[in-house]
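Here is the structure we will look at, set down as structure tokens.
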Amino acid sequence: MFSSESKTSTTIRQKVERNKPELIQRFNLILREIRESLRTNPKVAKDILFIFDGSEKIKFETYENLFINEAKLITDINLSLILAVPIQSFFKITHSNALQFYDLKLLPMLKPSPKVNLKMKEILERRAIWTDVIEPDALDAVIQYSGGSIRQMLKIMSVAIIGTRGKITLEYFQEKALDKLKSQLYGLLTTEHKRILKNKEFIDENGKPNVADAPIWQLVDAMILLKYNGTIAINPLIAEYFE
């Protein structure tokens, strides 16, 4: 499913298609042998975990076919699996019967705090040597406007870098990158969305997230609303418009 279209990849897929049950059974036997060997030396590891790096870039058609239509192919394999999918893809299939196969864990945004901010700075430093081209107060602003979303933080940083010919100052960041990002996000809003945000209809009478209605899901989907554990908030890029 992930390979390019070539003679070899086509042949492999045809063989897998014809021999799914047998291949899964053989693979499960291999996994069992590995687990048994791990138990002899628990200091090495306790179990096997598969992580699909870059899986958030999977095309929706591929994701739907492999993890929804062919869900049993995955669930018959005796392993623990972590993958990410584009948030739009997830919301398109939230009512699929195939979801009952999975033990879904939806990871919330990182709730901003001094500890989280330090970790997000560390991610930027590991991702690229960006801290050499940005002044500390501007870097703090990048973290603040990320809202706890690592993906948004990287996007903000990328926009801030484009066009600069020296160190990114707070003034440059606010005038160039911030205004551009704010206008892009605000431009996605319909009149109904603006009403929901202005009246805070995404919070129920108990102060908990209210995401039952489709327009509110759309706002979460577009990352205009950021959902944390037990709370929800407007993306800091456009929050000032609805204060």
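The set of residues from the range 180-234 being in a helix (DSSP H, G or I), of a type in the set (Val, Ile, Thr) and either under 23 Å from residue 85 (Cβ atoms) or at pLDDT below 90 (or both) comprises 216, 220.
If you check residue 154 against the conditions, is it surrounded by 13 or more Cβ atoms within 10 Å (Cβ to Cβ), assigned by TED's automatic domain parsing to the domain that holds residue 112, part of a loop (DSSP other than H, G, I, E, B) and at pLDDT below 90? Step through it out loud before you land on a result.
Numbers: surrounded by 13 or more Cβ atoms within 10 Å (Cβ to Cβ): yes; assigned by TED's automatic domain parsing to the domain that holds residue 112: yes; part of a loop (DSSP other than H, G, I, E, B): no; at pLDDT below 90: yes.
Criteria not met by residue 154.
Keeping to the range 109-146, report how many residues are among the hydrophobic types (A, V, I, L, M, F, W, C) and at pLDDT below 85.
Matching residues across the range 109-146 total 8.
Taking residues in the range 218-243 that are of a type in the set (Phe, Trp, Tyr), and partners anywhere that are at pLDDT 85 or above and part of a helix (DSSP H, G or I), the pairs with Cβ atoms closer than 9 Å and at least 6 places apart or on different chains are 241/182; 241/186; 241/194; 241/197; 241/198; 242/194; 242/197; 242/198. Counting only helices (runs of 4 or more DSSP H) that sit completely within the range 1-73, those holding 1 or more residues that are at pLDDT 80 or above and over 20 Å from residue 84 (Cα atoms) correspond to 7-18, 20-39. Filtering the range 82-108 to residues that are at pLDDT 75 or above and exposed (fewer than 15 other Cβ atoms within 10 Å of the Cβ) leaves only 82. Touching a residue at least 12 places away in the same chain (Cβ under 8 Å) and in a helix (DSSP H, G or I): is that true of residue 111 in this structure? No, not satisfied.
Filtering the range 38-46 for residues that are surrounded by 11 or more Cβ atoms within 10 Å (Cβ to Cβ) and among the hydroxyl-bearing types (Ser, Thr, Tyr) leaves an empty set. For residue 240, indicate whether it is modelled with pLDDT of 90 or more, in the same structural domain as residue 120 (by TED's automatic domain parsing) and assigned to a loop (DSSP other than H, G, I, E, B). Answer is no for this residue. The residue that is farthest from residue 220 (Cα to Cα), among those in the range 131-161 that are over 24 Å from the mean Cα position of the chain (by Cα) and of a type in the set (A, V, I, L, M), is 133.
In this structure, is residue 183 closer than 20 Å to residue 109 by Cα and of a type in the set (S, T, N, Q)? It is false that residue 183 is closer than 20 Å to residue 109 by Cα and of a type in the set (S, T, N, Q). When we screen 177, 160 for residues that are in contact with a Gly (Cβ under 9 Å, 6 or more places away or on another chain) and in a helix (DSSP H, G or I), the only hit is 177.
Remark: pairs (first residue in the range 28-55, in the same structural domain as residue 74 (by TED's automatic domain parsing); second residue among the small types (Gly, Ala, Ser); Cβ separation under 6 Å; 6+ apart in sequence or on different chains) = 38/45; 49/80; 55/84.
The values are calculated or read from the model by the stated rules, or taken from the named source; none is laboratory data. Note that the structure is a prediction, hence the values are computed from the model and not measured. For neighbour counting, all protein chains shown are included, and Cβ atoms are generated from backbone atoms with ideal geometry for every residue, glycine included.
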